[in-house]
1. If you check GLU91, GLU21, GLU122, which single one turns out to be closer than 22 Å to VAL158 by Cα and over 12 Å from the mean Cα position of the chain (by Cα)?
2. Only one residue in VAL123, VAL158, VAL116 is in contact with a strand residue (DSSP E or B) (Cβ under 6 Å, 6 or more places away or on another chain), part of a loop (DSSP other than H, G, I, E, B) and more than 19 Å from GLY18 (Cα to Cα), so which one is that?
3. So is ALA130 small (Gly, Ala, Ser), within 30 Å of PRO77 (Cβ to Cβ) and surrounded by 13 or more Cβ atoms within 10 Å (Cβ to Cβ) or not?
4. Looking only at region 39-55, decide whether some residue is within 16 Å of the chain's Cα centre (by Cα) and among the polar types (S, T, N, Q).
5. Which residue out of GLN96, GLN104 is under 15 Å from the mean Cα position of the chain (by Cα), of a type in the set (S, T, N, Q), farther than 19 Å from LEU33 by Cα and surrounded by 12 or more Cβ atoms within 10 Å (Cβ to Cβ)?
6. Out of ALA83, ALA130, ALA115, I need the residue that is among the small types (Gly, Ala, Ser) and touching a residue at least 60 places away in the same chain (Cβ under 8 Å). Which one?
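Taken together, the values in this text are just the output of simple stated rules run on the coordinates, not laboratory data. Because the structure is predicted, anything quoted here is derived from the model rather than measured. Cβ sites come from the backbone with ideal geometry, for glycine too, and all protein chains shown count toward neighbours.
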Amino acid sequence: MPAKACQIRRSEVADIAGIREIYAQPSCYAATLQLPFPSQLQWEQKLGQVTPGFYSLVAERDGRILGQVGMMVHDNPRRRHVANLGLAVCESVRGQGIGRALMQAAMELAFNWLAVRRIEIEVYTDNQAAIALYRSLGFEPEGTARGYAFRAGEYVDVLLLAFLRQ
């Protein structure tokens, strides 16, 4: 049975607590560069102000934030055609198409409205579900960054993926 649809929209200040709750989940901070025990104040500082080139979209259903994608479009004149994405989906609703819907919305915004031609993503090499999602959307592996980040007491690798719109 298909999951109940969710609304994808730009995040608002009122969403910050819900976004923080997602990134407080162990699998979400472990799969991103976030740290455990995220503070409300840190998220308010990150999302509570307008940052040029940064776009935050959320997936919402019945007033609950289910996922978030952040997209940073580079401001360097030689890299303005490039964006970098980060994504997290609430553990209880994974496998329901929420990550796909967020990614498709971010890609549509990037390619059709922001003049982005290239989207880059770094994903830990052990995050097979995310890798499968990104590859199904047309992202291609470009290499592995060894020892990219420190996670749970050890250095871990990431796969560098990109989608280049011709």
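1. GLU91
2. Testing whether each residue is in contact with a strand residue (DSSP E or B) (Cβ under 6 Å, 6 or more places away or on another chain), part of a loop (DSSP other than H, G, I, E, B) and more than 19 Å from GLY18 (Cα to Cα) leaves just VAL116.
3. no
4. No - not one qualifying residue is present in region 39-55.
5. Every option except GLN104 fails the conditions.
6. ALA130
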